Structure formats: structure tokens, C-alpha cells
């Protein structure tokens, strides 16, 4: 947080900011980063609760955060109902405020005696840290950390290349990424279920049950992705009309929506496959896949298609598609080999 706040200005330049938006982007970024501690704390607590089978807390905190964010965006951006008119700073402040509310709810969940992850229970039973468990967490966490870093490098590179195409193109790209994030939300929900159920089954030495849970989550994911793809194919234009008035930008959005409709068919499945492997502790493989697909294939192919072949937004989204297809293929092969259930943490 300290590093990103201090070096916010050059970081935003690297991300491809324009002269007219740079100052506002720096302000927004700094405020968001200052509030990052609340986001991280909430994520860690929710992850612990998820591991104990309490997936409800993550949903409740995320919904609460979104509602608070929306309400205070309305109040603080335009200065409605007597609130100060803070503009872009208000948008960032509202986001942080939503995160603070979510963090408070996550912390509160630790003090419920009926919760498996409960501070009162830990104190009453005098439970002490287990360094063997800590080492296992450190081992798994390090791989997942590097995997996420690798993915962020790929995502940022794609965003920088998209920003260089122009303001309208970048706006259409951003809306497309927001739509794609809905697919991630669906996949992430099934991934959480897969991690919890598979981890529990493997802990009970029920290897076949773990595979069954994996296949079941995957089947549900396929159904969701097909429905979502159909909605995007049919309603892509209507969806983009909510964001844009310019017909040329809407046409870009429609094209992107069709790309996303194809991408989600692979995206949701690869997220679930990845969750199954992580639930079994096979995190080194998922790290290698992320390095190959997101950090290497996606940026290089996107650069070639946009800078060498001048394909513009088509090149950007072909790069995204190549990434998702690569991850889907590699993770699917690993899952169906079945050896992941024998992995020892």
C-alpha cells in the first residue's frame, strides 16, 4: 500500500493514462490503495470462513459492500442530499467505505460462538498456532500469490494496449471487461463450492467423491455459461445502449459482447477446473498455466495482433480468447488425468 501510494503517479503513466485523465486517475488510485488493508483483511477472514463451510459471509459482505458503494457514489460524486460534491474522489471514497463496511462484518463473524472460525472458541479452548499448518499454508499461499501476480501482469498489459487504441475503444473495452467479470463471478461461485467440497472429501480420503463433486460443479458451470452466452448474443446491443449513446461505440460494444459470449464458455469452466486442482493442493500446476497463458501468450499475441496486424479491438479480444482457451485446455487435461486427488500437501 505504501509503495503504490507513493509511486501512484508513475504507475498510472505506465498503465497508459491520458493527459486529461491522469490527475484524476492518480487521486482515485491513491484513495483505493489506502483502503486496501480493509479489503485484504476481509478477503482473508472470508477465505477462512469459506474453508470452514461458511460461504454465506462472503456473499453478505460483497452485497453489502456493493450497496454501500452505490449509495455513496450517488451522494458524494454529485453532492446529493447535502453531501459534499467530491467527484472522482467521492467515487473512490465510496468504494473504500463499502470495503470498510464489509471488513467490519467479516470481523464480526469471528466473534460468533456458533461459527467454526470463532475467536471466543479459540480463547476458551486455548488453541495455539500449529506451525506445521502454517508451513503448509505458506507453501500453498506462495504459489497462489505468484499465480495472481502473473495474471495481473497479463491483465495490465492488455489494458495498456487497449488504452493506446483511443478513448472510445478503451471505453468499449472496459465495458466488455465488466461484462466478462460477471462470467468470472459465476465461475468463482462454483469454484468456491468445488474447493470446499473437494478439500473436505480428500481430507476424509474419499477420492471418488472428490472427483464426483468436481464433475458436478463443472456440469453446473457449463449450463450457466451456455445461458450467459445466449443472453449476450441476443442482448449485446441492448446492454451496450445502457452505457453508450454513440452508435459507433455501441457497434464496438456489440462486437465485444459476441466475443465475450464465446469466451465465457471457456472462462467459467477453466475457473472451476482451477478450483478443483487448488482444492487438492495442486497449486504449482495452476501457477505454471497462469504464467504460460496470461503472462506470456495473452500479452504477446495481443501486441502482435494490435501493433503488427493493426486489428484494434478485435486483436485485443482475440488475445483474451487465446488466454482463456489455453487455460481451459491445460486445466481440463490435468483434471481428467485424475492424479490431482492423490496430491499430498
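The values are calculated or read from the model by the stated rules, or taken from the named source; none is laboratory data. Remember, predicted model here, so these are calculated numbers, not experimental data. All Cβ positions, even for glycine, are placed from backbone atoms using ideal geometry, and neighbour counts span all protein chains on display.
Things to note:
- Qualifying positions in the stretch 56-75 - surrounded by fewer than 17 Cβ atoms within 10 Å (Cβ to Cβ) and either outside the structural domain of residue 108 (by TED's automatic domain parsing) or touching a residue at least 40 places away in the same chain (Cβ under 8 Å) (or both): 60, 62, 64
- Scope the stretch 76-86; condition in a helix (DSSP H, G or I) and free of Cβ contacts under 8 Å to residues at least 12 places away in the same chain; matching residues: 80, 81, 82
- Where a residue in the stretch 126-145 is closer than 17 Å to residue 280 by Cβ and its partner, wherever it lies, is in a loop (DSSP other than H, G, I, E, B) and at pLDDT below 75, with Cβ under 6 Å and at least six apart: 136/345
- Total residues in the stretch 29-58 satisfying the condition of being within 19 Å of residue 114 (Cα to Cα) and part of a helix (DSSP H, G or I): the figure is 10.
- Test: residue 165 is in a helix (DSSP H, G or I), over 19 Å from the mean Cα position of the chain (by Cα) and either touching a residue at least 60 places away in the same chain (Cβ under 8 Å) or loosely packed, with under 12 Cβ neighbours inside 10 Å (or both): no
- Leading residue by the ranking (nearest to the chain's Cα centre (by Cα)) among those in the stretch 23-40 that are surrounded by fewer than 16 Cβ atoms within 10 Å (Cβ to Cβ) and in contact (Cβ under 8 Å) with a residue 24 or more places away in the chain: 36
- Qualifying residue in the stretch 10-28 (condition: assigned to a helix (DSSP H, G or I), closer than 19 Å to residue 114 by Cα and not assigned by TED's automatic domain parsing to the domain that holds residue 158): no
- Helices (runs of 4 or more DSSP H) completely within the stretch 194-295 that count 2 or more residues being free of Cβ contacts under 8 Å to residues at least 40 places away in the same chain and within 17 Å of residue 332 (Cβ to Cβ): 207-241
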